[in-house]
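A quick write-up on the structure given underneath.
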Ligand SMILES: C[S@@+](CC[C@H](N)C(=O)[O-])C[C@H]1O[C@@H](n2cnc3c(N)ncnc32)[C@H](O)[C@@H]1O
Ligand SMILES: [Mg+2]
């Protein structure tokens, strides 16, 4: 089974994402901010990370840059997952190393298509 | 909202006469949801009221609206990605070899809905250096005038561009336009959108490739055969046809056969 780390400071969003991901046969881990996500990655690298932008302690973009400087056994795919849909934000996410980008709210089909695009579904 | 079987039969009959599409027992009940916005716009309470307003006129602007609302326009960019990619590379590869001299490619997206399939084709072909400098024409048709108007606009919502389109492709091939995204002129350029009914004679010319995906499934067996015969008229003798995932020509007459070499490609028999 593939693993997905859902990183979001909203418990509700984590729950929704977890539900969708479980119907897509993923094992799901959760983190409430970038720092927690980094800790999770260091203990076990997931196949894919669903990453929120705005979070306390460490934002999604900070996490992504941090991830770029961290040596892990392998690099997880990263799908940015945010309410910002302007080109500046998208560009910044891609530049920081995001593989895909999905705007909230999303449905199952959308998430599945994004996971297919990064090659984990 | 009250529904009477008579009103539903009348509306299903209209859809069938106009498009050949059949509403099976399950889909009959979705009529209510599909027509709700239209009823609201018209200030009507019931489907009976709508049928009375329609007054038996199959060709009125109101009839157009009703038909549009009842059609399933579900589509997305690069639908069935693996099969689509395979067709765009291997299927069109057969045409590339056969047209190397003339360097001309004509594709028909038959039942194109709001245009995602045609735009995906345009992007997939532009990406292949072997087609650079070729005379490319993509003909995209649908029976629904509303769908064609939207396709022509090249404007897509956030929701629509999220389904199937890689983010880097979105950034490269689209420009933000308010809350929406507009496809760039170079992607739009080779495509001609036209309202057309697949049950009527095909557009003129012979197409090297035809995509008719997720359209046949709503037709009766007889209509499917009739549509395939139309596609047979429209395709070049060495052309390639692609159907939707799970669709086949098996049991639908002898107009097309599966290509023995390339999976998912049908050839005129
Ligand atoms: C489910 S969509 C499929 C769109 C696209 N080919 C795809 O696979 O994503 C089916 C489309 O077929 C169109 N259609 C239905 N009957 C038709 C007919 N008789 N002639 C042309 N188009 C028709 C509908 O209006 C609708 O837009
Ligand atoms: Mg947040």
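Per residue of A:22-35, count partner chain C-beta atoms within 10 Å of its C-beta, then hand back the mean as an integer.
The shielding value for this peptide is 0.
In Å and whole numbers, how far do the C-alpha atoms of region B:110-202 stretch along each principal axis, longest first?
Here the Cα extents, ordered largest to smallest, are 39, 35, 19 Å.
Given contacts defined as C-alpha pairs under 8 Å and at least six residues apart, what's the relative contact order of chain B, whole-number percent?
Relative contact order for chain B comes out at 18 percent.
Gaussian network model of chain A, Cα springs within a sub-10 Å range: biggest mean-square fluctuation belongs to which of A:65, A:91, A:18?
Largest GNM mean-square fluctuation: A:91.
Angle, helix B:5-19 long axis vs. longest principal axis of chain B, Cα atoms, 0 to 90°, nearest 10?
On a 0 to 90 degree scale, this one is about 30.
What per residue convex hull volume, in Å³, do the alpha-carbon atoms of region B:5-70 yield?
Residue-normalised Cα hull volume stands at 72 Å³.
Compute a Gaussian network model of chain A, connecting alpha carbons closer than 10 Å, and tell me which residue from A:31, A:40, A:92 fluctuates the most.
A:92
Could you give the distance between the Cα centres of region A:88-121 and region B:183-246, to the whole Å?
Distance between centres, Cα-based: 32 Å.
When only Cα pairs under 8 Å and 6 or more residues apart are kept, what is the percent relative contact order across region B:5-70?
Relative contact order of region B:5-70: 40 percent.
Need one value for B:161-170: mean number of C-beta atoms belonging to other chains within 10 Å of its residues' C-beta atoms.
6
Normalised by the empirical 2.2 N^0.38 Å for globular proteins, what value does the Cα Rg of region A:16-61 take?
Rg over 2.2 N^0.38 Å, computed on Cα atoms: 1.16.
Can you tell me the alpha carbon radius of gyration of region A:1-82 divided by the globular rule-of-thumb value 2.2 N^0.38 Å?
Compactness ratio reported: 0.98.
Just grab the label-to-label distance for residue B:38 and residue B:102, each label 7 Å out from Cα along the Cβ direction, in nm (one decimal).
Here the answer is 4.1 nm between the modelled labels.
So what's region B:81-268 giving for Rg/Rh, alpha carbon basis, Kirkwood Rh from the mean inverse pair distance?
We get a ratio of 0.95 for region B:81-268.
In peptide B:15-26, how many Cβ atoms from other protein chains are near each Cβ within 10 Å, on average?
Mean number of neighbouring Cβ atoms from other chains: 0.
Enter the angle in degrees (range 0 to 90, nearest 10) between the Cα long axis of helix B:61-70 and the first principal axis of the Cα atoms of chain B, meaning the one along which they spread out most.
Here the helix axis deviates by roughly 70 degrees.
Could you compute the FRET efficiency for residue B:72 and residue B:177, with r as their C-beta to C-beta distance and R0 at 25 Å, rounded to 0.05?
0.40
At a 10 angstrom cut-off on C-beta neighbours, averaged per residue, how do the peptides B:231-239, B:185-193 rank from highest to lowest?
Output ranking for B:231-239, B:185-193: B:231-239, B:185-193.
Set the Förster radius R0 to 45 Å, insert the Cβ-Cβ distance between residue B:57 and residue B:159 as r into 1/(1 + (r/R0)^6), and round the FRET efficiency to 0.05.
0.85
Would you compute, from DSSP H runs of 4+ residues alone, the mean residue ellipticity of chain B at 222 nm, taking -39500 (n - 2.57) per run and dividing by the full residue count, rounded to the nearest 500?
That comes out to -11500 deg cm²/dmol.
One-quarter of the Cα convex hull surface for region B:183-240, in nm²?
Seen from a random direction, the Cα hull of region B:183-240 projects 5.0 nm² on average.
For a quick size check, give me the Cα extents of the protein assembly as shown along its three principal axes, largest first, whole Å.
Here the Cα extents, ordered largest to smallest, are 65, 62, 38 Å.
FYI, it's all coordinate maths here, none of it is from the lab. Since the structure is predicted, the reported quantities are computational estimates derived from the model, not experimental observations. Glycine also receives a Cβ, built like all others from the backbone with ideal geometry; neighbour counts cover every protein chain displayed.
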